[in-house]
Ligand code: URA
């Protein structure tokens, strides 16, 4: 097994046993899985969502429900194969009733996302929704503090990471397209910002 896969397996093991998480009991009661991430461990593009929903917690796979279908369509439109990217979330367990993740939950799970970024070393961090946008811009001190996703979506923001320069591309969460055709058109347009990074 390659080193990245080994490190990610170790991380999965830690999250499976994360009894101090406020979401742990809920996971066990419902026979849910933690959702760690899916895709290539050598991906150049990492997509980062918020937290798993019910379908995701039932299967252990990120973005496999309605939002996932939109994500697949958006990837397809720029000829990007889901197997060639890596998809994950900030929070690895499902919050009840699909509520937003709390500050405490984000803080607890953030070190795992940081490790995933360090292990996979993506050139592009494509954030899906405001939570992951704020977290990632803050993590790399990108200097956009306080800026809203409505101002930053579709932009490319250069950041310095421990493994070299990377680009953050803030994107709206695919779920917005479920209820609003204009937002879907915006997402389709914004995904084109990823095209220069495709090999
Ligand atoms: N929404 C997210 O943010 N992540 C998922 O994995 C599914 C839905």
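Cβ separations smaller than 8 Å between residues 6+ apart or across chains give the following pairs from the stretch 60-74 residues that are free of Cβ contacts under 8 Å to residues at least 60 places away in the same chain and more than 14 Å from residue 48 (Cβ to Cβ) to residues that are more than 10 Å from the ligand (Cβ to nearest atom) and part of a loop (DSSP other than H, G, I, E, B): 60/33; 60/34; 60/36. Residue 145 meets the conditions (1) crowded, with 16+ Cβ neighbours inside 10 Å; (2) farther than 14 Å from residue 49 by Cα in every case but one. The failed one is (1). Beta carbons closer than 9 Å, at least 6 apart along the sequence or on distinct chains, never pair a first residue in the stretch 94-123 that is farther than 17 Å from residue 49 by Cβ with a second that is modelled with pLDDT under 95 and exposed (fewer than 12 other Cβ atoms within 10 Å of the Cβ).
Confirm whether residue 170 is surrounded by 13 or more Cβ atoms within 10 Å (Cβ to Cβ) and within 16 Å of the ligand (Cβ to nearest atom). Judged against the criteria, residue 170 is a match. Just one of (1) surrounded by 22 or more Cβ atoms within 10 Å (Cβ to Cβ); (2) more than 21 Å from residue 33 (Cα to Cα) fails for residue 67. It is (2).
The values are calculated or read from the model by the stated rules, or taken from the named source; none is laboratory data. Remember, predicted model here, so these are calculated numbers, not experimental data. All Cβ positions, even for glycine, are placed from backbone atoms using ideal geometry, and neighbour counts span all protein chains on display.
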